[in-house]
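The values are calculated or read from the model by the stated rules, or taken from the named source; none is laboratory data. These numbers were taken from a predicted model, which means no experiment stands behind them. Cβ placement follows ideal geometry from the backbone for every residue including glycine, while neighbour counts extend to all protein chains displayed. Just so you know, the surface numbers come from the protein's heavy atoms only, side chains and all, with ligands and any DNA or RNA stripped out. Shrake-Rupley method; radii C 1.70, N 1.55, O 1.52, S 1.80 Å.
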Amino acid sequence: QVQLVESGGGLVQPGGSLELACAASGSISRITFMRWFRQYPGKQRELVASISEYGGTGNGDSVTGRFTISRDNSKNTIYLQMNDLKPEDTAVYYCNAVQSLTNYWGQGTQVTVSS
């Protein structure tokens, strides 16, 4: 079992920045991917960014150039640095880990971009 705990959400003005963190614990060996998703009310979760066990990263088209995923292996934590935030980035952000084809999810953290 893998436990994921997100932190760092909140209210920010348009153009501002936030950094989300996701700490993994439990049986974390052989996690192949860690990802950030976001979910709008009434919509399915959409992939925001991913990072593989080898450090390869990828972003969704809507956040390329603004969001950056990274990780600190010593802390078993991944981060999502979000810059130039827009009102349309308002959503609940979820951390995800993939291990042996099983998906684990965090509880989610709200990000609200508003003036």
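Which members of segment 84-115 meet the condition of being out of contact with any strand residue (DSSP E or B) (no Cβ under 7 Å at 6 or more places or on another chain) and within 15 Å of Pro14 (Cβ to Cβ)?
Those that are out of contact with any strand residue (DSSP E or B) (no Cβ under 7 Å at 6 or more places or on another chain) and within 15 Å of Pro14 (Cβ to Cβ): Asp84, Glu88, Ser115.
Return the residues of segment 74-102 that are modelled with pLDDT under 95 and open to solvent by 70 Å² or more (accessible area, probe 1.4 Å); say none if nothing qualifies.
Result: Ser74, Lys75, Ser100, Leu101.
State whether one or more residues within segment 6-20 are under 11 Å from the mean Cα position of the chain (by Cα) and over 17 Å from Thr109 (Cβ atoms).
no
Considering only segment 69-80, I want to know if a residue exists there that is within 16 Å of Tyr94 (Cβ to Cβ), in contact (Cβ under 8 Å) with a residue 60 or more places away in the chain and touching a Cys at 6+ places or on another chain (Cβ under 9 Å).
Yes, there is a match, as at least one residue in segment 69-80 is within 16 Å of Tyr94 (Cβ to Cβ), in contact (Cβ under 8 Å) with a residue 60 or more places away in the chain and touching a Cys at 6+ places or on another chain (Cβ under 9 Å).
Which of (1) surrounded by 15 or more Cβ atoms within 10 Å (Cβ to Cβ); (2) in contact with a Pro (Cβ under 9 Å, 6 or more places away or on another chain) does Ile31 not meet, given it meets every other one?
Among (1) surrounded by 15 or more Cβ atoms within 10 Å (Cβ to Cβ); (2) in contact with a Pro (Cβ under 9 Å, 6 or more places away or on another chain), Ile31 violates only (2).
Here's a check for you: in segment 41-52, which residue that is open to solvent by 50 Å² or more (accessible area, probe 1.4 Å) and of a type outside the set (Asp, Glu) is nearest to the chain's Cα centre (by Cα)?
For segment 41-52, the residue satisfying everything is Leu47.
How many residues does segment 53-68 contain that are surrounded by fewer than 15 Cβ atoms within 10 Å (Cβ to Cβ) and not acidic (Asp, Glu)?
8
Given Arg71, Arg38, which one is surrounded by 12 or more Cβ atoms within 10 Å (Cβ to Cβ), in a strand (DSSP E or B) and in contact with a Phe, Trp or Tyr (Cβ under 6 Å, 6 or more places away or on another chain)?
Arg38
Give me the pairs, please: first residue somewhere in segment 11-27 and within 12 Å of Ser114 (Cβ to Cβ), second residue anywhere and part of a strand (DSSP E or B) and among the polar types (S, T, N, Q), beta-carbon distance under 7 Å, and either six or more positions apart or on two chains.
Leu11/Thr112
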